[in-house]
Each structure stands twice: as structure tokens, then as C-alpha cells.
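Scroll down for the structure; my scribbles are underneath it.
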Amino acid sequence: MQLRYNYRVYPDADQRAALAQAFGCARVVFNDGLRARQDAREQGLPYVCDGELSKRVITQAKLTVERAWLGEVSAVVLQQALADLNTAYRNFFASLSGKRKGRKVAPPRFRSRKDNRQAIRFTKNARFAVTPGGKLRLPKIGDVSIRWSRDLPSEPSSVTVVKDAAGRYFASFVVEAADAPLPGVAGEVGIDLGLTHFAVLSNGRKISNPRILRRAAKKLRRAHKALSRTQKGSANRKKAKLKVAKAYAKVTDTRRDWAHKLSTAFIRDNQAVYVENLAVSGLARTKLAKSVHDAGWSQFVAMLEYKAAKYGRTFAKIDRWFPSSKLCSACGTIAESMPLNVRSWICACGAAHDRDVNAAINILAAGRADRLNACGGDVRPPLAVADADEAGSLRGAA
């Protein structure tokens, strides 16, 4: 499978200036290509093909006075900017025709020099390399210092240099990583994701929600107040904006680190992991939007999925319409209604349930049932397939 490895890089002053020039040239080529296609559409002309577009906005543009400075950066950087534009158009057309699944994709937009994130990409044609001294050699930029937090598993096919809103530089490599199956274990787990508890497991364990953004709210509020007191266009405003960006970057890094550690523990300790396929985009439009974004469910589930594939574990998503909360894990009876304020309930069969733990048990049972059917089972087993000792231990945990 292909994975992306990110490393922090530390360019010097001259290299930062060269990178800024490369960012600007890539942005100009992208915008020129987008404008050329928009103008052709408005004038009723045929769609400008990829080859013709490259000839116009790169090859011929370098011969003009207005765009002669495009020749001062690597040609691969400019070609990759156009490749990004072509990919954006293909995704847009595929979305219009229905070939692309998921949410509708908007047409490409112009890039701004004020964007928080700037990036350029080098492929093998650019002949980037890692020097014997451990530096990253980039054409027309130089040998950039890089912090190798881990070794690359294979030869990278490309490298993307990114500058984020906090002013940090990163090198992102795309590499082919071989699967590394872990020794088999007997455990399987169903996970019910939530806000009060980030994750409730089918064995009764509850993992508290770290609420990383909420915990940093005081520091962020102070940084925003300092920014609001500065004058637009001043040097102090630039410094204040950088402080705000660094504060948010710390929140993002902390959340990602926490999700990596938790997902790795789940994959290491369980042979199979099952979660519910949540409609995060819909929940993010409710009054709980801030808490939903702070939880980072999508990022966590994506980590579980790729780590399960890499380490030889089973991972599956249960349908979001599956009544995991209303279904009794002991007898299989479905309650008529289950408002969110009901955190515990007693079934007609006499079983007492904690809402979240019961949902996690049902998610585990549904995942096992789907897995059995996928392996050739004749019929779908009943949903109440939790072991007796597993179900009995929940009353003490609830």
C-alpha cells in the first residue's frame, strides 16, 4: 500500500526565499491555466486539453516579459501545478456525471498568495535526492536540513514541500510500504464513538473524550484578543496572526498524536475492530458541531482502517442505520424509541443496559455476523450473539 511520511524541514533564509518563489510560480501557473479554461468556456470555444494548456501557460509564457521569471524555478514544480488543476477538473466532471461517489465536488478555484497552506511537489523527474549527509536536495533550492524521525520504508516516488499557517515547513514523501502482519490475537472489539466518552468498547471499557480544543480555549481566546487589538497591515498584526496559527497547530498536532496512539493500541490488541459508520458531515451541521469537530472521529476511523490493512487485522464499518442503541443485546428486542437523554434502560426481558456499552456490544455482534456471511455463512446470525460472560460483566461496568 502507498503511505505518506511527513518530516519537519528547516530551510535557511535563502532557501525560504527560493521556496517562496517556487510557491508563487506554481500558484501563478495554476491560476493561468484555470483562467484559460474559463475564458474558453465563456467564449464558447472547445475545452483546452492538458497538452495545449501546458504549452500556453508554461512553455510559451516563459518567452514573454510578464512570465519570464517562471524559468527560475524547477519545471517539474510548474508541471505538477497543472497536474493538480487537471485532477481537480476530472474530479469535478466525474462528480457531475455521477461517476464519482460521495458529496458533489465544486469546480476548481483560484489560489491566493494569502492561503494558509502553500505547497509544491517534486517527482522523480526532478531528481530530488537525500544526500549522504542526511539532507534533502531539491532542484534550484539546495540541500535542506530535515529531521528524520523514522526511516523511509522504500524509495519515495515524490516529495511535497508544504508550508503551513504556523510558518513551519514539512517534506511529505509518498512511498510504497509493505504489509507487516502482527501476531494473531483472540480479541475482537466493537467501538461506539460518542462525545461524553470518545469511545465505549464492547467489553465495558470507556475512554474519556480528551476535548483538546476545549482545553486550549483559554489560550486561543487570549491570542484572538491580542490579534483583534492590532492594526490591519501592521507588523504586530502579522506576529499576532502567527501566534494564533501556532496555537491552532498545537491543537491539531495534539489531537493527531492522541488518535494515533489510541488507534495503534486497538489494532495491536484486537484481531478484529468494528465501528459504526457515522454521518459526521450531518452532525457537523447541528448545535454539536464544535464538539463533533473537536472529537475528530473521521480521522480516528481512517487511522483504524489503514492500520488494520497494514498489520493484517480485520476492520469493518456497521451501517449507520443499524439500531445499535435501541437493540437489546440479550434478547434482540428493539425499543420503540430511545431519546439521547436516556443513558441507561431496562429491557422487557429484565436485562439492564448502559446505552453506550449496549451499542458497542451490538456493533461487535453485527460485525461478526457480516464477517461470517462474507466467509460463506448461509444466513445472517441473530444480532444478540454476545457471549454470556461478556454480557453479564456489563452490569457492574454500567
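The values are calculated or read from the model by the stated rules, or taken from the named source; none is laboratory data. Just so we're clear, the structure is a prediction, and the values are computed from it rather than from any experiment. Quick reminder, even Gly has a Cβ in these numbers, built from the backbone with ideal geometry, and neighbours come from all protein chains shown.
Of the residues making up the stretch 276-287, those that are hydrophobic (A, V, I, L, M, F, W, C) and surrounded by 13 or more Cβ atoms within 10 Å (Cβ to Cβ) are L278, V280, L283, A284.
In this structure, does S298 turn out to be polar (S, T, N, Q) and surrounded by 20 or more Cβ atoms within 10 Å (Cβ to Cβ)? Considered against the rule, which asks whether it is polar (S, T, N, Q) and surrounded by 20 or more Cβ atoms within 10 Å (Cβ to Cβ), S298 comes out as no.
G51 meets each of the listed conditions (1) in contact (Cβ under 8 Å) with a residue 40 or more places away in the chain; (2) in a helix (DSSP H, G or I) apart from (1). Scanning the stretch 112-122 for residues that are within 17 Å of V9 (Cβ to Cβ), among the basic types (K, R) and not assigned by TED's automatic domain parsing to the domain that holds L364 turns up at least one hit. Among the residues making up the stretch 115-133, those that are more than 23 Å from G167 (Cβ to Cβ) and of a type outside the set (A, V, I, L, M) are T123, K124, N125, R127, T131, P132, G133. Only one entry of V244, V251, V292 meets the criterion of being at pLDDT 95 or above, under 19 Å from the mean Cα position of the chain (by Cα) and in a helix (DSSP H, G or I), and that entry is V251. Does P139 fit the bill of being in the same structural domain as V29 (by TED's automatic domain parsing), at negative phi and under 22 Å from the mean Cα position of the chain (by Cα)? So P139 fails the test. Among the residues making up the stretch 79-91, those that are crowded, with 20+ Cβ neighbours inside 10 Å and either in contact with a strand residue (DSSP E or B) (Cβ under 9 Å, 6 or more places away or on another chain) or among the β-branched types (V, I, T) (or both) are Q80, A81. For R256, the criteria (1) over 29 Å from L3 (Cβ atoms); (2) touching a residue at least 40 places away in the same chain (Cβ under 8 Å); (3) assigned to a helix (DSSP H, G or I) hold in every case but one, which is (1). Of everything in the stretch 192-238 that is part of a helix (DSSP H, G or I) and touching a residue at least 40 places away in the same chain (Cβ under 8 Å), the residue that is surrounded by the fewest Cβ atoms within 10 Å (Cβ to Cβ) is R214.
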